[in-house]
Amino acid sequence: MSLPLPKAPWRVGRPARLEEAAHEYLGELTRQQPWRRARAEALLDDLDEFLGGAASLGALCPDRLAAWQASLPEPDQEEAATLTRDFLTYLRQWHWLD
């Protein structure tokens, strides 16, 4: 017996938003590593604001992500890069992104 592939929540007539995907990601992160949630949530909120608020997942292009990371204070840039890699991996695995 095989389990169905995990799927992102179905959205009718609109693209997925960063906020929705971040909420699901934070739930999974909390299940696996609860101590990381507060910092990850703060960074993802900052990313959404940087992208103009209520950003679609289509806004997550490499150039914009690099610009966001560069806009952060230097001590936060490495943490943001790690979070971005983890978040993008999650988005691909759970079919938020094609």
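General observations
- In nm, spacing of pseudo-spin labels at E24 and A67 (7 Å Cα→C-beta vector): 2.7 nm
- Working note: Karplus 6.51/-1.76/1.60 with θ = phi - 60° gives the stretch 30-44 the couplings 4, 5, 8, 9, x, 5, 8, 4, 4, 5, 4, 4, 4, 5, 5 Hz, where Gly and Pro are set to x.
- Within the stretch 76-98, backbone nitrogen closer than 19 Å to the virtual label 7 Å beyond the Cα of E41 toward Cβ: 80, 83-84, 87
- Full extension of the chain between E49 and D86 gives 11.4 nm of extra length, using 0.36 nm per residue less the Cα-Cα distance.
- Once the 1.4 Å probe is applied to the protein heavy atoms, the chain comes out at 66 Å² accessible per residue.
- With eigenvalues of the C-alpha gyration tensor scaled by 5 and rooted, the stretch 31-98, Å: 17, 17, 11
The values are calculated or read from the model by the stated rules, or taken from the named source; none is laboratory data. Here the structure is a predicted model, which is why all the values come from computation and not from measurement. Cβ: placed from backbone, ideal geometry, glycine included. Neighbour counts: every protein chain shown. When the accessible area is computed, the model is the full protein with side chains, heavy atoms only, and any ligands, DNA or RNA have been set aside. Shrake-Rupley method; radii C 1.70, N 1.55, O 1.52, S 1.80 Å.
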